[in-house]
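For reference, the structure discussed in these notes is given below.
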Amino acid sequence: MQTISVEQLKARLDAGETIHLLDVREPFEHENFNIGGVLLPLAKIMRLDTEAVDDWKEEEVICYCRSGNRSGQACLMLQSAGFANVKNLTGGMNAWTDTFGG
């Protein structure tokens with residue numbers, strides 16, 4: 001599984017890149033703090049209910065959660081569902097807020 005650090009992701013966002021961010025946390029976590037990702041909880045991905053992001057299958061998708069564990073699972077499931085280029089945000093939102101604040 002490919003990974004990306006919070007520093008690498010922030011540099012790309014700051015450079016204005018269009019990036020497909022996928023937040024696999026629960027809705028209350030997303031409402032509390034997010035970095036602009038599309039919310040698709042891991043439970044939906046586990047059921048292969050990915051219709052909301054199926055048009056991203058051939059593009060880079062960066063998954064994130066609180067710590068990187070759920071997003072790692074999501075990456076594996078998305079790969080098995082035919083997504084060609086998924087990356088896990090190492091450390092998730094914990095690493096983001098530790099590095100950049102929240």
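Bear in mind that the values in this text are calculations on the coordinates, not laboratory data. Not measured: the values here are computed from a predicted model. Note that each Cβ is placed from the backbone with ideal geometry, even for glycine, and that neighbours are counted across all protein chains shown.
From the P(r) of the chain, could you give the percentage of C-alpha pairs in the tail past 17 Å? Provide the component values of the computation, followed by the final result.
Values: 2292 of 5151 pairs.
Distances greater than 17 Å cover 44 percent of the Cα pairs.
Which Cα, out of Gly36, Ala52, Gly101, lies furthest along the positive dipole direction of the chain (beta carbon charges, K/R +1, D/E -1)?
The residue sitting farthest along the positive end of the dipole is Gly101.
With each label point set 7 Å from Cα along the Cα-Cβ vector, what nm distance links Thr18 and Ser80?
3.1 nm
Once you place label points 7 Å from the Cα toward the Cβ at Phe28 and Met46, how far apart are they in nm?
Here the answer is 1.7 nm between the modelled labels.
Arrange the peptides 18-31, 71-84, 44-57 so that the one whose residues have, on average, the most other Cβ atoms within 10 Å appears first.
Answer by packing, highest mean first, reads 71-84, 18-31, 44-57.
If amide hydrogens are placed 1.01 Å from N in the peptide plane, which non-local residues have theirs closer than 5 Å to the one on Leu39?
The list, which skips near neighbours in sequence, is Asp23.
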